[in-house]
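Novice: For reference, the structure I am asking about is given below.
Throughout, read-outs are computed from the coordinates displayed, never taken from laboratory work. Keep in mind the model is a prediction, meaning the values are calculated, not measured. Neighbour counts are summed over all protein chains in view; Cβ atoms, including those assigned to glycine, are modelled from backbone coordinates with ideal geometry.
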Amino acid sequence: METKYKFLVGSLLLVAAVGYLMYSGVQQTGMYYLTIDEFLAKREALVDEGVRIAGRVKVGSVDKRMTPNGEEFDFEIGDFVSEAEMGETIPVYYLGVTPDMFKSEGGSDVIIEGKYREGKLVAQTVMTSCPSKYEAEEEGAAAYGAAGATDG
Amino acid sequence: MDDVGSLALLFAWVLAIYGIGTALYGAYSRRRDFVASAENATLAVWGMVLVSTAALLHGLITSDFSLKYVAHYTSTTLPLQYKVAALWGGQAGSLLFWLVILTSMAAVVVLQNRERNRELMPYVNATLLVVCIFFLSMVNFITPPFERLAFIPPEGRDLNPLLQNYWMTIHPPSLYMGFVGCTIPFAFAIAALATGRLDDVWIRTTRRWTLLAWFFLSLGNLFGAEWAYLVLGWGGYWAWDPVENAAFMPWLTCTAFLHSVMIQEKKNMLKVWNMVLVITTFLLTIFGTFLTRSGVISSVHSFTQSGLGPFFMSFLVFAGIASFGLMFWRLRLLRSDNELDSLLSRETAFLLNNLILVGICFAVFWGTVFPVVSEWVRGVKITVGPPFFNKVNAPLGMILLFLTGLGPVIAWRRASWSNLQRNVLRPMGFGLAIGVFLFIGGMRHYYALVSFSLCGFVVASVMMEFFRGVRARQAMMGEAPHIALARLIGKNRRRYGGYIIHIGVVMMFLAFTGTSAFKQERQITVNPGDSFEIGNYTLRYDGVESHDTPHIAYLKANVAVLQGGELLETLQPEKRFYKKPEQPTTEVAIRSTLGADLYLVLGSYDEPTKMATIIAYINPLVGFLFWGGAVLVLGTFVTIWPQRAAATAPAAIYSPGRNTVPAE
């Protein structure tokens, strides 16, 4: 009987350790995942916080420069609507290599991870979704096989 | 031809319903003819699904663009192997492919058990058919693979270029085999609960199935990692993307299950725990499919919605309530016959291993669903990325590695001091020595030191087991060492096969450690003729070349790899432009050595200035991921190979110092 209790105590300690690791992990590495509107509403409170924002690159807004450090980009992202309906946008700065699906004329759907500083979203990563024209309307992930068929 | 396919699916649906009804009625009324008829229905469902799959394959290979599926996922210029792979490249096809595997496995189960497990079989059969019905309903009523287009397009939209890759053609099938394979032990577990026959018959019957499912899950994950490494071009192989996690979670619980069943077989303990594990594993396979299909969690690869989410969720809830409900109903029969004898025992090591594996699984689950949970609870979506998963899982992985070394050498029931001294201290000393050696050599990375030491510990403890077994055989039978080794493994396949798998896992840990602790990365924009350095290589960019085919246009950068002024080879990282979906892709170039990979990506190319951005990575020890996988395959073959009936000599002979335990 005693062994059983000792084991239980040990297991509980282990569970507590896992719980603590998870809690502190979220505290230290969690990032707000926001829509364009959510971000715009409280952007001043989010200065220097890690954020992740999904949006569409505004057509014609991409300014790309080749520098010795790599490619430098300035562009704007807005809601997932057509060019004409797009409201307020967020200016983004990015130094690095863009994914293959990032179009320099704009219009790509992207997820940006970075920090908001001096009126600009300084991107650490730029990710793109699958090209929308490629996908069947009703089956988003379809291009990627079923369960767990993709990695990334 | 396509009408044949959809008609066959409809027949299959009707037959499956008939099968469920007759199986359950047959079991209830003890009518053998009904039970047999239900099993024949399963075989007929299998036949129908085969016909339907053949019809879709025919459409894909002959480029019958009147079928929406064929027009969406193939083109006339697509190479044949990718036309076949398009079967699992899209949603409707992948569900059909799932069904082919599920019904084929169900048919094998039915044929294997014509004379065996007669009491369990009606429920096994009914459970399998219920799962079939779910997928059959999807392909019949929700996303029919044989939907026709109103007009026939002259050309198809083609398969996503990212999927036009060797690893991508074998990754989904192996993952599906793993996912679907988990259904078989689940079905037997449900049957055991339903009949109340809760001894370990269901576990022994499904041992090979579980191992097979685990094997394919492992391969599926590894192939996926290999594909990500070669195709996605970000220098790594694992990003903790929700879609990856979806495949990883059932692997974790399945691994836990493989270990904990040994305790049930030997000690009649952990019956409830094993039930929980086998049910959870099955639910996680469905949950994984739900994750990838529903768009509930945004993954880099699938942010859009699909209509299948609610169906998967409903099935998940139904399966969860039904199976756990059944388990609680039988809780009294699942009581253990034994208790732990001592904390210092192999049982404890196994239990801890289970707790850690399930703990990792829970952490991965939590990290994956956290955006959804935080939105419900706090109204804000918070995502966690790779740093979270690495931070949580690295210490847990270290404990797991330690237990991998401890498990084989610590005694069952109660480890004595002499057992510990003789069997545990020596390999531990070896591991420590490796750590000290590396430290003196200048390594100061804390995690890496711990990890490499533990790897040494595991290898030493496994080697010691082999060595001791061989020596005992030599002494008792007078055999030559190589014969003794072969016979030792041959007569205890499960145990020594398991050890070989452990060695494979250690090799993978080497790769995890090397790439996470010592990876180097350099991004640079260069003019033709410019050189730069990474690791101990000098790289010189020598401009680009291009060529064109009807399917793809290529742009290749020539990068000379030099070491000490001597040219080793010219690597060609590429940009490709696929013409049907008009999509550019990146092809990496790799120089592999056992110590490290040099991994080059052509980031961008500017035609007017001829400048190129090149990203170079040094990935230390990454090759061990692949070789570890190969060792894992070998170990699984050793384990799964049928044991000869005569091989029942007691294992105790070969493992002095251990308490009396039958051969594994």
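Novice: Under the rule of -39500 (n - 2.57) per DSSP H run of 4 or more residues, summed and divided by the residues of the protein assembly as shown, what mean residue ellipticity at 222 nm is obtained, to the nearest 500 deg cm²/dmol?
Specialist: Computed mean residue ellipticity for the protein assembly as shown: -18000 deg cm²/dmol.
Novice: Assigning unit charges at the beta carbon (Lys, Arg +1; Asp, Glu -1) and nothing else, what dipole magnitude in debye, to the nearest 20, does chain B show about its Cα centre?
Specialist: Roughly 2680 debye, rounded to the nearest 20.
Novice: Let me ask something else about it. Considering amide H positions built from the backbone, and no H for Pro or chain starts, which residues 5 or more places from B:Ile534, or on another chain, come under 5 Å of its amide H?
Specialist: Amide H neighbours of B:Ile534: B:Leu539.
Novice: Report, ordered by chain and residue number, the lysines lying within cross-link reach of A:Lys6, taken as a straight Cα distance under 20 Å and ignoring same-chain residues fewer than 8 apart.
Specialist: Counting by Cα, and skipping residues close in sequence, A:Lys6 has these lysines nearby: B:Lys267.
Novice: For A:Ile77, list long-range residues whose amide hydrogen, built 1.01 Å from N in the peptide plane, is under 5 Å from its own amide hydrogen.
Specialist: For A:Ile77, the qualifying residues are A:Lys58, A:Ile90, A:Val92.
Novice: Among B:Pro528, B:Gly498, B:Pro584, whose Cα sits farthest toward the positive end of the charge dipole of region B:480-593 (+1 at Cβ of Lys/Arg, -1 at Cβ of Asp/Glu, about the Cα centre)?
Specialist: In region B:480-593, that residue is B:Gly498.
Novice: Place +1 on the Cβ of every Lys and Arg and -1 on the Cβ of every Asp and Glu in region B:520-620, take the dipole about the Cα centre, and give the residue among B:Pro550, B:Asn619, B:Tyr599 whose Cα lies farthest towards its positive end.
Specialist: Of the options given, the answer is B:Pro550.
Novice: On to the next question. Using unit Cβ charges (K, R positive; D, E negative) and no other charged atoms, how large, in debye to the nearest 20, is the dipole of the protein assembly as shown about its Cα centre?
Specialist: Magnitude of the dipole: close to 4340 debye.
Novice: Per residue of A:29-37, how many C-beta atoms from partner chains lie within 10 Å of its own C-beta, taken as a mean?
Specialist: 6
Novice: With θ taken as phi - 60° and the coefficients 6.51, -1.76 and 1.60, list the Karplus ³J(HN,Hα) couplings across region B:51-59 in order, rounded to whole Hz; mark glycine and proline as x.
Specialist: Once θ is set to phi - 60°, the couplings for region B:51-59 become 4, 5, 5, 4, 5, 5, 4, 4, x Hz.
Novice: From other protein chains only, count the Cβ atoms within 10 Å of every residue's Cβ in A:18-28, then give the mean.
Specialist: Per-residue shielding by partner chains comes out at 6.
Novice: Once the dipole of the protein assembly as shown is set up with Lys and Arg at +1 and Asp and Glu at -1 on Cβ about the Cα centre, which of B:Cys182, B:Leu99, B:Met249 lies farthest towards its positive end?
Specialist: Positive-end residue among those listed: B:Cys182.
Novice: Assuming a ≥ b ≥ c are the square roots of the Cα gyration tensor eigenvalues, decide whether the protein assembly as shown counts as rounded (a/c under 1.5), prolate (otherwise, with a/b larger than b/c) or oblate.
Specialist: Since a/c reaches 1.5 but b/c is at least a/b, the shape of the protein assembly as shown is classed as oblate.
Novice: To the nearest 20 debye, what charge dipole does region A:31-131 have about its Cα centre, counting +1 at the Cβ of each Lys and Arg and -1 at the Cβ of each Asp and Glu?
Specialist: Here the size comes out at about 200 debye.
Novice: In whole Hz, what ³J(HN,Hα) sequence does region B:394-403 give by Karplus (6.51, -1.76, 1.60; θ = phi - 60°), x for Gly and Pro?
Specialist: Karplus-based 3J(HN,Hα) across region B:394-403 equals 4, x, 5, x, 5, 4, 4, 4, 4, 5 Hz.
Novice: For region B:598-614, what does the Karplus curve 6.51 cos²θ - 1.76 cosθ + 1.60, with θ = phi - 60°, yield as ³J(HN,Hα) per residue in whole Hz, taken in order and with x for Gly and Pro?
Specialist: So the Karplus estimates, Gly and Pro as x, are 9, 10, 10, 10, 8, x, 7, 9, 10, 4, x, 9, 6, 7, 10, 9, 10 Hz.
Novice: Also, quick follow-up: Going down the table (A:Lys115/B:Lys519; A:Lys42/A:Lys115; B:Lys83/B:Lys556; A:Lys58/A:Lys120; B:Lys575/B:Lys610; B:Lys83/B:Lys579), which pairs top 18 Å between alpha carbons?
Specialist: Pairs exceeding 18 Å: A:Lys115/B:Lys519; B:Lys83/B:Lys556.
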